[in-house]
Amino acid sequence: MFEDLEFTDTVQDDREMLPIMPLDEEDEDQNDLALPKELPVLALKNTVLFPGIIIPITIGRDKSIRAVKDAYENDKILAVLSQKNMNVEDPDFDDLYQVGTAARILKLFKMPDGTTTTILQGKRRFSLERIISNTPFLQGSINELSYEQTQDTEAFTTLLGAIKELASQIVKLSPNIPSEASVMLNNIKTDTFLLDFIASNLGISMADKQNLLEIDDLWEKGEAIMQHMKKEMQMLVLKDEIATKVRGDIDKQQRDYFLNQQLKTIQEELGESPQQEEIKVLEKRAKDKKWPEYARKAFDKELAKVRRINPQVAEYSVVLNYLDLLLDLPWESFTEDNFDLKKAKEILDKDHYGLTKVKERIIEHLAVLKLKGDMKAPILCLVGPPGVGKTSLGRSVARALDRKFVRMSLGGLHDESEIRGHRKTYIGAMPGRIIQSLKKAGASNPVFILDEIDKVGKDFRGDPSSALLEVLDPEQNATFHDNFLELEYDLSKVMFIATANSLASIQPALLDRMEIIQISGYSLEEKIEIAKRHLIPYQLKEHGLMKKQVSLRAPALKAIISDYTRESGVRNLSRRIAGVMRHAAKKIAMDEATKVVITRDDLQEILGVPRFSRDLYSKLKMPGVAVGLAWTSVGGDILFIEASKSPGSGKLLLTGNLGDVMKESATTAMSFIKANAKQLGVDPEVISSTDVHIHVPEGAIPKDGPSAGITMLSALTSMFTNRVVKPHLAMTGEITLRGRVLPVGGIKEKVLAAKRAGIKTILLSKENQRHVDEINPDFLGNLQFEYTEDMHDVLDKALV
């Protein structure tokens, strides 16, 4: 409201001028002024003139200058109208608003810059009937308008009082309006002039001002002005609140600064300061700390430095954090090991079923520690498929030894500083995760799990696996160096247990520092025991069920394992059991049953149709198809080898996303058949005039390795001789050109995969017999094993 506006009939030559209120307006007898029927017309581009208001106008257009001069030379009365569109230079009747204000020309003079300026005083409202003449200036026929007085004078007086009071508030809140404006408002006695004066000075658009000018009813005009003033008041209040808040924030900061300075001065006078208190606390903690002499010397040196540093300097907080770290680290703090070997074994057996090798290794370590009293902790690496319990075994080991447990996930780790930390010179520097984990554990001999060590990354930021070389070397980790700590830290008492799914991606130097313990997949019998001892009680608890409310029959559990999962671990089995428990929970919660018994026949309704078939791999009744055994990172699996022939020139085509080693096995098998064609009963001319295609299904999955050698040879010989491979038979082994069958790895996983798939006989290299002997006979069931050393023997045993 009361904004500073430029009132000009052009957009050139801006002049910022404040509208003037005549002090004697209310005393002037308006009735003495008679408006002629025809008047010169002045078109204004960016303002609306109200009765009683005096405004200066800078005139730019020729027609406007001639109209003003003509009026000034006669009765000095001029018809002032506002343009609808500011961009129209030569307005006509349709370009002008039809209601305007007749004005008296008070002054007319030329400015120093050559422009013409006039001072106008609004007198009466009028409506434009028509334009009489367009040259040399606009001249129009007008009809004078008068206001309609309201009948309820008392209510109108109240409305005017409210408008005047609101206007005074706006004047107080607005920083651009001088306080004298309140005096001007109080001096206005005429109702119509009060409304026109406020309407003229409202901070609203020209169109809204024109609407206010056209209202004839004084009550309606007062209400419209009141609405505009309320909106403006809301905006001013909001601006004032924001300004007050900002001012308050600044004042608070200044106040806090001054108070802090005063407090600092008072404390200095009394010989006290917060910094000195912090240093005293650090000194007190250091007195009772058990740590090496070199750590104490480093602490004393940094403490002396922090006394000299100004607390406002950034380095002060860095040194203070460093001192806190030195005090928080468990330098010579160790937990006492549990030397009750029987109890430790009980805990390990209770938490995990199977995993005999790992448990034996832990008990052996405890036994030596008990006898010797001091020994470097072993660095173990548990390698096996997902879901066999490698990570949870680490927690169980910590519980059995009565040690603290720390887990650090290495999956996707790219930055070397995650292991060794940053140097203190960097902003935001912090120690590596090894030191941070020990600080969190509060002991220097925890069980430290390095999870997913085979998934450590390597890029331009560094090679974390190389940084781990120092951590995992028993000869070096007694003097582990962290970049932030800048002191040697003894990790030799920490029991590191790394976990991995595969050894292929671990660099050889790191692999050499760890004691590898292979954890193979679980057999059907082991999974049943794990489900009974751990998975079912856990899922009952998770779903709010009691043991007496749910009964999962043994045949049903066996069917879940064989028909709905095919894995080395038990993660998917746990999910399927959770699905069964949800079904039971729903029935009990809906009062459909008090006890739910799950049988084999219920599984299809609960878990859907079986996902795996045991008969799929045994129905082989055509030549050229053999079943192989493969090892993957998720355990053992069954592999089809299919061979077909077509007339050609002896070419060999391989498909199924095979790796180089597997392709070489196929080439070797083909070369052996060519070299021994007569012994195998194959016509050499048939081989040279036949194209052979070997395909391994599930082409989206990459496959590689030498263990499919005898399977490919059997499939090719089966195809050439039209002899079918025996049903329920699977095989694995590497072949040579001399016809030898070499041993392969992953035997337990492959054997368990064969058993899961319903295979009855497995053909292996003679040298793999020792690996089969290591498998618990209870897990093998009725599986038959055929051992061989020669390719001819393989074909005799494999083909019908």
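Here are a few candidate values for Rg and Dmax of the Cα atoms in Å: [x] 48.5, 139; [y] 31.9, 112; [z] 35.7, 124. Which one was actually calculated from the structure I just gave you?
Step by step, Rg and Dmax of the Cα atoms in Å for this structure corresponds to label [x].
Taking the 0 to 90 degree range and rounding to the nearest ten, how far is the long axis of helix 153-173 tilted relative to the main principal axis of the chain, both from C-alpha atoms?
It works out to around 60 degrees.
Can you grab the distance from the C-alpha centre of the stretch 82-101 to the C-alpha centre of the stretch 645-660, Å, no decimals?
90 Å
Report the calculated FRET efficiency for residue 334 and residue 609 (r = Cβ-Cβ distance, R0 = 41 Å), to the nearest 0.05.
0.15
Looking at the square roots a ≥ b ≥ c of the eigenvalues of the Cα gyration tensor of the stretch 231-356, which shape do they give, rounded for a/c under 1.5, prolate if a/b is larger than b/c, or oblate?
Because a/c hits 1.5 or more and a/b fails to exceed b/c, the stretch 231-356 counts as oblate.
Could you order peptides 713-720, 603-610, 75-82 by the average number of other Cβ atoms within 10 Å of their residues, highest first?
713-720, 75-82, 603-610
Charges only on Cβ, +1 for Lys and Arg, -1 for Asp and Glu: so what's the dipole of the stretch 671-742 about the Cα centre, in debye to the nearest 20?
Its charge dipole is roughly 300 debye.
Which peptide among 333-345, 197-209, 377-389 comes first, and what is the full order, when sorted by highest mean count of other Cβ atoms within 10 Å?
Most protected by this proxy first, the peptides run 377-389, 197-209, 333-345.
What is the stretch 489-626 by shape, rounded, prolate or oblate, if you read a ≥ b ≥ c off the alpha carbon gyration tensor as root eigenvalues and call it rounded for a/c under 1.5, prolate for a/b larger than b/c, and oblate otherwise?
Note, shape of the stretch 489-626 comes out oblate.
So what's the net charge close to residue 707: Lys and Arg +1, Asp and Glu -1, counting the other residues with Cβ under 12 Å from its Cβ?
Combined, the nearby Lys, Arg, Asp and Glu give -2.
What does the charge dipole of the stretch 462-531 about its Cα centre add up to, to the nearest 20 debye, if the Cβ of each Lys and Arg holds +1 and the Cβ of each Asp and Glu holds -1?
So the magnitude is around 220 debye.
What percent does the relative contact order of the stretch 436-568 come to when contacts are Cα pairs within less than 8 Å and at least six residues apart?
Result for the stretch 436-568 is 24 percent.
Using alpha carbons only, how many degrees (0 to 90, rounded to 10) separate the axis of helix 314-328 from the longest principal axis of the chain?
Relative to the chain, helix 314-328 is tipped by roughly 30 degrees.
Test of understanding: what is the full-extension gain from residue 155 to residue 721, defined as 0.36 nm times their sequence separation minus their Cα-Cα distance?
Full extension from residue 155 to residue 721 adds 192.1 nm.
For helix 356-372, report the angle its Cα long axis makes with the longest principal axis of the Cα atoms of the chain; keep it between 0 and 90° and round to the nearest 10°.
90 degrees
Any idea what the relative contact order of the stretch 331-484 is, in percent, if you count C-alpha pairs under 8 Å spaced at least 6 apart?
Result for the stretch 331-484 is 28 percent.
By the gyration tensor of its Cα atoms, with a ≥ b ≥ c the square roots of the eigenvalues, what is the shape of the stretch 370-460: rounded for a/c under 1.5, prolate for a/b over b/c, or oblate?
oblate
For the stretch 736-768 and the stretch 565-602, what is the separation of their C-alpha centers, rounded to whole Å?
36 Å
Give me the accessible area per residue for the stretch 648-753, probe 1.4 Å, as a whole number in Å².
42 Å²
Can you flag which of 558/587; 547/587; 287/424; 404/458; 252/305 are past 27 Å Cα-Cα?
Over 27 Å Cα-Cα: 404/458; 252/305.
Given the -39500 (n - 2.57) contribution per DSSP H run of 4+ residues, what per-residue ellipticity at 222 nm results for the chain, rounded to the nearest 500 deg cm²/dmol?
That comes out to -13000 deg cm²/dmol.
Using a probe of 1.4 angstrom, how much of the accessible area of the stretch 202-321 is carbon and sulfur, in percent?
Percent of accessible area from carbon and sulfur atoms in the stretch 202-321: 53.
Please figure out what share of the DSSP beta bridges in the chain is antiparallel and state it in percent, rounded to the nearest 5.
Taking every DSSP beta bridge with both residues in the chain, the antiparallel ones total about 55 percent.
7 Å from Cα along Cα→Cβ at both residue 277 and residue 106: what's the point-to-point distance in nm?
Reported label-point gap for residue 277 and residue 106 is 7.0 nm.
Dipole size in debye (nearest 20) for the chain around its Cα centre, Lys and Arg Cβ +1, Asp and Glu Cβ -1?
6300 debye
Would you count, across the stretch 70-220, every pair of lysines whose alpha carbons are under 25 angstrom apart, provided the pair is eight or more residues apart or spans two chains?
Here the count comes out as 16.
Given contacts defined as C-alpha pairs under 8 Å and at least six residues apart, what's the relative contact order of the stretch 597-742, whole-number percent?
That works out to 34 percent.
I'd like to know which of 665, 677, 699 lies farthest towards the positive end of the charge dipole of the stretch 654-699, counting +1 on Cβ of Lys and Arg and -1 on Cβ of Asp and Glu.
677
Could you sort 739-751, 537-549 so that the peptide with the highest average Cβ count within 10 Å comes first and the rest follow in order?
By packing density, highest mean first, the sequence is 739-751, 537-549.
The values are calculated or read from the model by the stated rules, or taken from the named source; none is laboratory data. Given the structure is predicted, the values throughout are model-derived calculations rather than measurements. FYI the Cβ positions are ideal-geometry reconstructions off the backbone, even for glycines, and counts take in every protein chain you see. Ligands, DNA and RNA are excluded from the accessible area calculation, which covers all protein heavy atoms including side chains. Shrake-Rupley method; radii C 1.70, N 1.55, O 1.52, S 1.80 Å.
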